[in-house]
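All remarks here apply to the structure that follows.
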């Protein structure tokens with residue numbers, strides 16, 4: 001796969017001629033119509049098999065390396081280029097074709113209808129785990145779960161290991177009182193663990209994912225003790241244990257979301273952890289990249305300081321947000337937007353997509369039909385490839401997606417091109 005950034009005047013036909021492929025192949029790889037309008041700044045996957053790149057005006061070793069999922073240093077070494085890495089238009093560069101590393105891939109889903117089943121069936125070959133969200137823990141230790149029968153059947157058909165998610169989610173948010181009750185009341189905790197074991201056996205889940213958020217800081221050690229106790233019950237049956245960790249860049253990071261999440265302890269207790277490396281730009285906050293690579297890497301580097309790379313799953317968003325400007329705290333929250341809808345919106349309102357270097361994320365602004373200005377940040381092939389490059393360079397266990405249900409063909413095509421996905425069942 002090659003990542004092409006659309007310039008004014010580009011058409012699928014011209015790109016097909018340029019890269020010696022077909023318009024239908026380009027359209028299929030990007031989940032777009034052959035007759036669709038291309039947006040300046042839009043990233044397109046070009047499905048070609050090539051080991052050479054012809055340098056164009058504006059190219060740099062860094063941009064070319066990002067397009068092919070390699071590093072500037074690798075390109076320089078392969079082509080005998082010395083610092084300061086000068087290249088020129090028309091120059092032909094050899095592109096390495098590395099072996100694809102094997103990783104594990106998890107995806108959360110909140111869709112339990114026919115559409116959710118179809119999506120799992122379509123991308124099932126690219127998933128190691130499927131995590132229906134979620135089994136909600138009540139303050140008395142009882143569990144209430146989704147209608148997951150159809151989605152579990154679809155996962156079994158695709159040889160996906162189903163992972164049961166336990167959360168303290170209630171009424172649209174994470175409830176601190178529920179977490180406190182489970183972690184400090186042994187009667188309640190025993191009920192939660194027993195109910196979890198019963199559900200695993202009844203439903204056929206093979207792993208448990210604990211997503212407890214907004215835990216009181218004073219319950220940090222109690223949370224670690226709960227995980228140890230749960231692990232002792234899971235291990236004899238061969239069940240895996242994973243946890244979700246808030247995106248911390250240091251052990252003493254302040255805030256209700258972070259303080260009770262002990263990276264070192266979770267790395268020791270759990271079979272693996274999922275770093276929730278998204279929501280820097282969030283629905284109720286100011287416009288910003290959802291998963292800026294510079295912030296993501298800080299979290300991963302800290303995690304690596306206290307646990308092995310083989311236990312780290314990098315969280316990746318499949319969505320973006322559309323903010324109304326000017327941003328005013330407390331006003332209407334930004335709705336989520338998929339990659340496909342972001343491109344359609346940019347085309348509809350004549351916006352040009354820009355790309356922010358530090359965050360490695362695309363964005364654009366537009367005025368709607370009422371004259372109101374908006375700012376959209378989303379994920380595209382370039383932002384996804386940047387995260388895949390981080391996974392490869394640091395040899396992480398894999399990636400975990402939040403959340404299925406937002407169309408993003410480029411992500412799945414790039415996942416297939418970059419990695420071999422491990423299957424456990």
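FYI, it's all coordinate maths here, none of it is from the lab. If you're wondering where the values come from, they're calculated on a predicted model, not measured in any experiment. Backbone-built Cβ (ideal geometry, glycine too); neighbour counts: all protein chains shown.
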Tilt relative to the chain, helix 381-394 - C-alpha long axis, 0 to 90 degrees, to 10 = 60 degrees
Add -39500 (n - 2.57) for each DSSP H run of 4 or more in the chain, then divide by its residues: what number comes out at 222 nm, to the nearest 500 deg cm²/dmol?
-> -10000 deg cm²/dmol
Arranged by the count of other C-beta atoms within 10 angstrom, fewest first, what order do 262, 198, 294 take?
-> 198, 294, 262
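Just to verify a number: FRET efficiency for residue 82 and residue 348, C-beta to C-beta distance, R0 = 45 Å, to 0.05? Display every interim value, and only then the final one.
Values: r = 47 Å, r/R0 = 1.04.
Efficiency at R0 = 45 Å is approximately 0.45.
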Listed residues 194, 369, 66, most fluctuating in the chain (Gaussian network, C-alpha, under 10 Å) | 369
How far is the Cα center of the stretch 306-333 from the Cα center of the stretch 86-136, in Å?
-> 18 Å
Viscosity 1.306 mPa s, 10 °C: Kirkwood-radius Stokes-Einstein D of the stretch 1-44 over Cα pairs, µm²/s = 154 µm²/s
Quick one: compute the contact order of the chain, relative version, from alpha carbon pairs under 8 angstrom and 6+ residues apart, as a percent.
-> 18 percent
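Sort 136, 159 so that the residue with the fewest other Cβ atoms within 10 Å of its own Cβ comes first and the one with the most comes last. Show your work: numbers first, answer last.
On the way: 136 19, 159 13.
So the residues, fewest neighbours to most, are 159, 136.
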Note the angle between two axes, namely the Cα long axis of helix 409-418 and the longest principal axis of the Cα atoms of the chain, as a number of degrees from 0 to 90, rounded to the nearest 10.
-> 90 degrees
Span from the the stretch 259-304 Cα centroid across to the the stretch 2-68 one, whole angstrom | 32 Å
For the stretch 39-181, the Cα gyration tensor yields equivalent-ellipsoid semi-axes (√(5λ), largest first, whole Å) of 47, 19, 14
So what are the three principal axis dimensions of the stretch 2-94 from its Cα atoms, in whole Å, longest to shortest?
-> 43, 24, 18
When the label point is put 7 Å from the Cα of residue 170 along its Cα-to-beta-carbon vector, which residues of the stretch 124-142 have a backbone N closer than 19 Å?
-> 134-142
Rough spin-label spacing in nm, given labels placed 7 Å along Cα→Cβ, for residue 232 and residue 57 | 7.0 nm
Arranged by the count of other C-beta atoms within 10 angstrom, fewest first, what order do 261, 374 take?
-> 374, 261
For the stretch 329-400, state what percent of all Cα-Cα pairs lands in each successive 5 Å bin, counting from 0 Å until the bin that includes the largest distance.
-> 3, 13, 21, 20, 16, 12, 8, 5, 2, 1
Cα-based helix-to-principal-axis angle, 220-234 vs the chain, degrees rounded to 10 = 90 degrees
Please identify, among 225, 303, 207, the residue showing maximal mean-square fluctuation in a Gaussian network model of the chain using a 10 angstrom Cα cutoff.
-> 225
How high is the relative contact order of the stretch 2-94, in percent, counting Cα pairs under 8 Å that sit 6 or more residues apart?
-> 30 percent
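Taking all pairs of different Cα atoms in the stretch 190-257, averaging 1/r and flipping that mean, what Kirkwood radius in angstroms comes out?
Values: mean 1/r = 0.0746 Å⁻¹.
That comes to 13.4 Å for the stretch 190-257.
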Across the Cα atoms of the chain, what radius of gyration and what greatest pairwise Cα-Cα distance (Dmax) are found, in Å?
-> 22.5, 72
